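Data block below; observations after.
Computed from the coordinates by the stated procedures, all read-outs in this text should not be read as laboratory data. Note that this is a predicted model, so its numbers are computed, not measured. Here the Cβ is made from the backbone with ideal geometry for all residues, glycine too, and neighbour counts use every protein chain on show.
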Amino acid sequence: MLENANDAPLEGDIVNQEPHLQPDTTMAMVIYALYLASFFLGFTSLIGVIIAYVYKGKGPTWLDEHYRYQIRTFWIGLVYGILFSLLTFVLIGFPLLLALAVWLIIRCVKGFKGLQEKRAPSNVDTWLV
């Protein structure tokens with residue numbers, strides 16, 4: 001253990017990080033969960049994007065990138081969801097909607113993983129996963 005503040009931590013010592021200095025990722029996790037819940041409830045992604053707009057710009061850069069990623073995920077998903085829904089009349093929309101669902105799940109999982117690792121998601125500026 002450390003005897004005073006000037007001692008360096010020894011191998012095996014656990015250095016406590018002050019929790020109030022760690023950015024709160026709770027709301028970003030809630031947004032990803034709301035996006036996934038939209039498969040069952042439909043409207044929760046709208047709540048998620050509103051929360052993302054509210055919290056954007058209020059944290060460290062890597063966390064703000066998550067909010068930006070979530071906002072882009074919502075709008076890209078909405079545009080393609082509407083387009084693919086219209087294409088269901090010619091039957092091509094069904095597999096495209098399935099692909100869109102897989103895309104959303106992958107983006108949410110990548111987002112959760114990035115939050116746990118305290119880093120920004122990759123490919124924030126693209127619609128790719």
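Please compute the length gained on full extension between L78 and K58, using 0.36 nm multiplied by the number of residues separating them and subtracting their Cα-Cα distance.
Length gained between L78 and K58: 4.7 nm.
Once you list every other residue whose beta carbon is under 13 Å from the beta carbon of D125, what net charge do they have if Lys and Arg are +1 and Asp and Glu are -1?
On the way: positive: R68, R72; negative: E65.
Computed value for this residue: +1.
Give me the distance in nm between label points sitting 7 Å out from Cα along the Cα-to-Cβ direction at L87 and L46, one decimal.
2.5 nm
Given charges of +1 on the Cβ of Lys and Arg and -1 on the Cβ of Asp and Glu, with all other atoms neutral, how large is the dipole of the stretch 24-114 about its Cα centre, in debye to the nearest 20?
The calculation lands at about 120 debye.
Which trypsin sites (Lys or Arg not before Pro) from the stretch 64-127 combine a DSSP loop assignment with at most 16 other Cβ atoms within 10 Å?
K118, R119
In the stretch 24-114, with Lys and Arg counted as +1 and Asp and Glu as -1 at Cβ, which of these residues, Y69, Y55, I82, has the Cα nearest the positive end of the dipole, that is, farthest along it?
Y69
Report the rotationally averaged projected area of the stretch 24-114 based on its alpha-carbon convex hull, in square nanometres.
Taking a quarter of the hull surface, the average projection is 5.5 nm².
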